[in-house]
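Contents: one structure, followed by commentary.
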Number of protein chains: 2
Amino acid sequence: MDKKIRIKDIAQMAQVSVGTVDRVIHNRGEVAKESYSKVMAILEKTGYKPNLIAKTLGSNKTYKIAALMPNPEQDEYWNQSIEGIKQAKEEWTQYGVQLQTLYFDLYDKESFIKLAETVCESNPDGVLMAPIFYNEALHFINTCKEKNIPFVLINNNIEQAGPLSFVGQDLYQSGRVGAELLHLNEKENGTYAILHIYDDIHNSTHLNEKEKGFKDYFVEQNNGHTYNVLSRDLNYTHESTLEKELSDLLNESTLKGILVTTSKGAYTVSKLLEKKGKNGVRLVAYDLLAENLHYLNNGIIDFLINQNSKRQAFVGISQLSNHLLFKKQATASYLFPLEIISRQNVNSYLNSKQH
Amino acid sequence: MDKKIRIKDIAQMAQVSVGTVDRVIHNRGEVAKESYSKVMAILEKTGYKPNLIAKTLGSNKTYKIAALMPNPEQDEYWNQSIEGIKQAKEEWTQYGVQLQTLYFDLYDKESFIKLAETVCESNPDGVLMAPIFYNEALHFINTCKEKNIPFVLINNNIEQAGPLSFVGQDLYQSGRVGAELLHLNEKENGTYAILHIYDDIHNSTHLNEKEKGFKDYFVEQNNGHTYNVLSRDLNYTHESTLEKELSDLLNESTLKGILVTTSKGAYTVSKLLEKKGKNGVRLVAYDLLAENLHYLNNGIIDFLINQNSKRQAFVGISQLSNHLLFKKQATASYLFPLEIISRQNVNSYLNSKQH
DNA sequence: GTGAAAGCGCTAACAG
DNA sequence: CTGTTAGCGCTTTCAC
């Protein structure tokens with residue numbers, strides 16, 4: 001019935017050679033009008049689908065993909081992304097995809113700029129990037145566009161950049177999930193805080209998204225209660241003032257819950273909360289990092305929201321590879337589910353092949 | 001450095017022909033011990049990885065996989081599995097995998113038996129199955145084994161069957177997660193119920209697993225409180241008695257939470273709870289079915305635990321295909337994370353490509 | 001403009 | 001036991 005139809009078959013039907021068929025398929029010109037339309041007609045009629053396997057084998061091409069990532073030694077979170085890239089490498093090298101992962105300093109814009117230049121010079125066929133530094137990333141993206149190099153963003157999006165694909169989460173909704181988890185089964189009025197604890201240089205556009213979601217959640221609860229919602233930007237390089245500010249917050253008697261949006265911050269808050277006692281204050285943080293897991297298991301952290309940076313990177317590379325090799329259209333916005341991690345399901349995540 | 005190394009290269013190094021190398025790679029015998037070990041050594045040293053693209057193209061084979069699934073019209077849950085199988089089909093047909101999905105009646109063992117026979121006669125190269133009917137499935141599995149047909153189980157395992165792979169969840173832990181979600185932030189004594197609501201014919205071994213986890217969770221809470229844990233097996237075909245039993249349960253003044261382990265059951269309990277008012281009784285159920293989503297969104301259901309049957313099916317087929325085509329060793333027990341679904345993260349799951 | 005032919009890396013049949 | 005060789009379907013080069 002629908003046995004596979006090959007270029008050869010088309011050629012036969014059109015009474016031309018495979019070369020000619022190939023030329024019309026790829027629109028390479030040098031074909032007489034007559035042959036062209038004859039082949040075209042048959043192509044249509046038969047619904048010819050090229051065999052992608054044969055295609056990649058035949059056109060013995062290789063593709064260079066550059067991944068610009070923060071130095072994984074500076075943050076366990078990014079270490080997981082690197083893992084994901086490694087996994088993707090494993091899968092795609094056999095198809096002729098060459099992956100090069102390059103690290104920039106998470107706290108040094110200059111290092112990113114330099115790296116970006118290096119990448120530009122190497123003329124890759126595709127770029128994967130975590131756009132930590134907004135302006136610098138945007139600049140790099142523009143040169144990518146000029147050079148017609150497709151790029152994929154992970155972790156946080158830069159919408160106006162128009163990437164081939166964004167792979168990450170809905171950060172606004174993520175803030176809402178955080179709020180929900182703090183508010184579960186709470187019937188009284190109370191204070192809820194969202195804390196962004198980071199280094200000076202950190203670019204925080206994406207933290208704002210989370211904050212917006214967090215606040216909106218509480219605004220929308222019209223159940224007769226009033227909620228006092230705080231947000232704090234804290235700098236973790238000034239440890240003494242940080243501790244002071246946190247202590248003040250914890251002394252707030254109406255405090256019900258805290259959402260910490262940055263991984264480093266979670267550690268600091270957890271430690272303090274452990275020392276002072278939870279006193280019914282709930283704590284929600286992000287990601288399955290070793291320290292977070294520790295505090296989840298001992299009850300200081302109530303929930304984690306998993307961003308799955310490993311798989312984000314993996315999917316990002318796959319999107320690029322599929323685009324390059326198979327001309328598959330990439331998913332413009334590949335959003336991951338907002339995974340809620342508790343003490344009882346955490347191991348099912350850690351043991352799962354997918355994570 | 002790590003440029004691709006081909007069979008040809010290996011052959012050259014070992015001073016034999018590609019034919020010989022191919023023979024040792026595939027263990028087809030007919031190779032002198034000496035050559036064998038020489039080639040083997042080089043294979044190891046170079047870390048040779050076959051080019052799968054070339055492999056599938058070269059060995060112009062096709063494989064038939066049969067999937068035995070419950071009729072998706074009888075239960076939305078299984079409809080999702082069928083979706084997953086379709087997705088897998090999309091991905092694997094180009095590699096020469098022919099997928100045939102066959103439905104049996106969820107409430108009729110005979111239909112399964114008949115279907116199994118048909119499948120046997122068609123001599124497939126692999127089988128995917130949801131072993132709903134324990135004994136019947138086991139019988140079919142045995143004939144598969146005799147015929148050396150690899151089979152993958154999804155949804156629930158039959159351990160002694162020794163499948164190529166089981167794709168599903170840790171049901172014991174799933175019960176624990178259910179208990180945790182009911183018990184969140186509850187500080188008082190109380191009654192917690194686990195309900196199995198199903199048809200006569202339904203095989204319930206896997207429900208027991210959930211129940212064990214549920215009970216163990218409460219036993220292990222040594223916080224000075226006492227919990228009254230109930231379990232009920234209810235038959236949903238006798239609607240009047242079912243309602244009566246449920247009403248009795250809901251009238252229990254100390255009742256704090258209910259875990260419903262079956263999808264059909266969730267609907268009945270939700271409806272009743274809606275009518276009588278929640279009164280602080282928590283409800284947790286399974287899966288992202290339309291009805292469940294409705295009751296999640298209107299606040300009757302507090303959480304859902306997602307079993308992700310779609311992806312289970314997808315992964316199951318992939319395991320089989322990889323095994324057949326690439327001789328990749330399948331994961332004996334491919335356990336999915338226990339996904340907690342709340343009002344705030346449900347859409348991120350529904351919109352996600354992975355679900 | 002067009003066709004023939006040599007690959008891509010691997011498989012498998014077939015001489016020796 | 002081993003080497004040679006003709007494919008798999010598509011790409012690409014090179015004569016004519």
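The values are calculated or read from the model by the stated rules, or taken from the named source; none is laboratory data. Note that the coordinates shown come from a computational prediction; the quantities given were computed from them, not determined experimentally. Here Cβ is always computed from backbone atoms with ideal geometry, including for glycine, and neighbour counts include all displayed protein chains. For the accessible areas, the whole protein counts, side chains as well, though only heavy atoms, and no ligand, DNA or RNA atoms are used. Shrake-Rupley method; radii C 1.70, N 1.55, O 1.52, S 1.80 Å.
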Checklist outcome for this item: Simple spin-label estimate for A:ASN148/A:GLU252, 7 Å along Cα→Cβ, in nm, reads 5.5
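Helix-only mean residue ellipticity at 222 nm, chain A, DSSP H runs n ≥ 4 weighted -39,500 (n - 2.57), per residue, nearest 500. What is it? Write down the numbers at each step before the final one.
Details: 14 runs with 168 residues, N = 355.
-14500 deg cm²/dmol, from helical runs alone.
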Checklist entry - Quick one: if the Förster radius is 22 Å, what FRET efficiency do B:ALA332 and B:LYS64 give, using the C-beta to C-beta distance and rounding to 0.05? => result 0.40
Item to check | Estimated vicinal HN-Hα couplings, Hz - region B:44-51 in sequence order (Karplus 6.51, -1.76, 1.60; Gly, Pro = x) | outcome: 4, 4, 7, x, 4, 10, x, 7
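Can you give the longest run of chain B that contains no GluC sites (Glu not before Pro) sitting in a DSSP loop with at most 15 other Cβ atoms inside 10 Å?
It works out to B:31-187.
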Next on the checklist: Going by amide H atoms built from the backbone, whose H comes under 5 Å of the H on B:ILE154, apart from near neighbours?
Outcome noted: B:MET129, B:ALA130, B:VAL167
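Above 20 angstrom, tally the Cα pairs of region B:1-114 and express them as a % of all pairs, no decimals. Let's see the in-between values first.
On the way: 3886 of 6441 pairs.
Cα-Cα pairs of region B:1-114 separated by over 20 Å account for 60 percent.
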Checklist entry - In the full protein assembly as shown, how much of B:ASP105 is accessible to a 1.4 Å probe, in Å² to the nearest 10? => result 50
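In what sequence, largest accessible area first, do A:LYS49, A:LYS353, B:LYS256 appear using a 1.4 Å probe?
On the way: A:LYS49 160, A:LYS353 115, B:LYS256 35 Å².
Reading off the accessible areas and sorting them downward yields A:LYS49, A:LYS353, B:LYS256.
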Checklist entry - Residues of region A:165-200 losing 50 Å² or more of accessible area relative to the isolated chain, 1.4 Å probe, heavy atoms only? => result A:GLU180, A:ASN185
Item to check | Under-5 Å amide H pairs with A:LEU283, H placed in peptide plane, nonlocal only | outcome: A:ILE258, A:ASP302, A:PHE303
Checklist entry - So what J values fall out for region B:212-228 if you push phi through Karplus, 6.51 cos²θ - 1.76 cosθ + 1.60 with θ = phi - 60°, rounded to Hz, Gly and Pro as x? => result 4, x, 4, 5, 4, 4, 6, 4, 6, 6, 9, 10, x, 9, 10, 10, 9
Checklist entry - For region B:22-38, what does the Karplus curve 6.51 cos²θ - 1.76 cosθ + 1.60, with θ = phi - 60°, yield as ³J(HN,Hα) per residue in whole Hz, taken in order and with x for Gly and Pro? => result 4, 5, 6, 4, 9, 6, 8, x, 6, 10, 5, 3, 4, 4, 3, 5, 5
Next on the checklist: On C-alpha positions alone, give me the angle between the axis of helix B:109-122 and the longest principal axis of chain B, in degrees, nearest 10.
Outcome noted: 10
Item to check | Cα-based Rg / Dmax (Å) for region A:7-50 | outcome: 8.9, 23
Checklist entry - Hey, what's region A:7-50 come to in accessible area per residue, 1.4 Å probe, Å²? => result 70
Checklist outcome for this item: Cα extents of region B:96-174 per principal axis, largest first, Å, are 38, 30, 23
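Under 11 Å from the Cβ of A:LEU325, count the other residues' Cβ atoms, weight Lys and Arg +1, Asp and Glu -1, and hand me the total. Let's see the in-between values first.
Working: positive: A:LYS55, A:LYS61, A:LYS327, A:LYS328; negative: A:ASP125.
Summing Lys and Arg as +1 and Asp and Glu as -1 gives +3.
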Item to check | Rough spin-label spacing in nm, given labels placed 7 Å along Cα→Cβ, for B:LYS187 and A:ASN235 | outcome: 3.9
Checklist outcome for this item: Once amide hydrogens are built 1.01 Å from N within the peptide plane, the residues lying 5 or more places from B:THR101 or on another chain with amide H under 5 Å from its amide H are B:ALA67
Item to check | Principal-axis tilt of helix A:309-326 within chain A, Cα atoms, nearest 10 degrees | outcome: 10
Checklist entry - Using a label point 7 angstrom from Cα along Cα-to-C-beta, what distances in nm, from shortest up, separate B:THR331 from the other copies? => result 1.8
Checklist outcome for this item: Once Lys and Arg are counted +1 and Asp and Glu -1 for all other residues with Cβ under 14 Å from that of A:GLY168, the total becomes -1
Checklist entry - DSSP loop chymotrypsin sites (Phe, Trp or Tyr not before Pro) in region B:292-355 with at most 11 other Cβ atoms within 10 Å of their Cβ, which ones? => result none
Checklist outcome for this item: With a 19 Å threshold on alpha-carbon distance, the violating pairs from A:LYS328/B:LYS353; A:LYS4/B:LYS49; A:LYS212/A:LYS310; A:LYS61/A:LYS328; A:LYS145/B:LYS4 are A:LYS4/B:LYS49; A:LYS212/A:LYS310; A:LYS145/B:LYS4
Item to check | Exam field: B:LYS187 pseudo-label spacings to other copies (7 Å along Cα-Cβ), nanometres | outcome: 1.3
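Per residue, how many Å² of accessible area does region A:171-306 show with a 1.4 Å probe?
Numbers: 5540 Å² over 136 residues.
The answer is 41 Å² per residue.
Net charge near B:ASP22: determine it from the other residues with C-beta under 14 Å of the C-beta of B:ASP22, scoring Lys and Arg +1 and Asp and Glu -1. Write out the running numbers ahead of the final one.
Working: positive: B:ARG6, B:LYS8, B:ARG23, B:ARG28, B:LYS55, B:LYS327; negative: B:ASP9, B:GLU30.
Value of the local net charge: +4.
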Checklist entry - Per 5 Å bin, what percent of the C-alpha pairs of region B:171-306 does each bin hold, from zero upward? => result 2, 11, 23, 24, 22, 13, 4, 1, 0
Next on the checklist: I'd like the antiparallel share, as a percent to the nearest 5, of DSSP beta bridges with both residues in chain B.
Outcome noted: 5
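Tally up the carbon and sulfur contribution to the accessible surface of the protein assembly as shown as a whole percent, 1.4 Å probe, everything protein left in place.
On the way: 15300 of 32750 Å².
Ligands and nucleic acids excluded, carbon and sulfur give 47 percent.
Can you tell me how the protein assembly as shown classifies by the Cα gyration tensor, rounded, prolate or oblate, using a/c under 1.5 as the rounded cut?
Numbers: a/c = 1.97, a/b = 1.26, b/c = 1.57.
Because a/c hits 1.5 or more and a/b fails to exceed b/c, the protein assembly as shown counts as oblate.
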Item to check | In the A-B interface, the accessible area buried, summed over both sides, Å² (probe 1.4 Å) | outcome: 3600
Item to check | Two-site label geometry, A:LYS275 and A:GLU220: point separation in nm, points 7 Å out along Cα→Cβ | outcome: 3.8
Next on the checklist: On C-alpha positions alone, give me the angle between the axis of helix A:239-251 and the longest principal axis of chain A, in degrees, nearest 10.
Outcome noted: 70
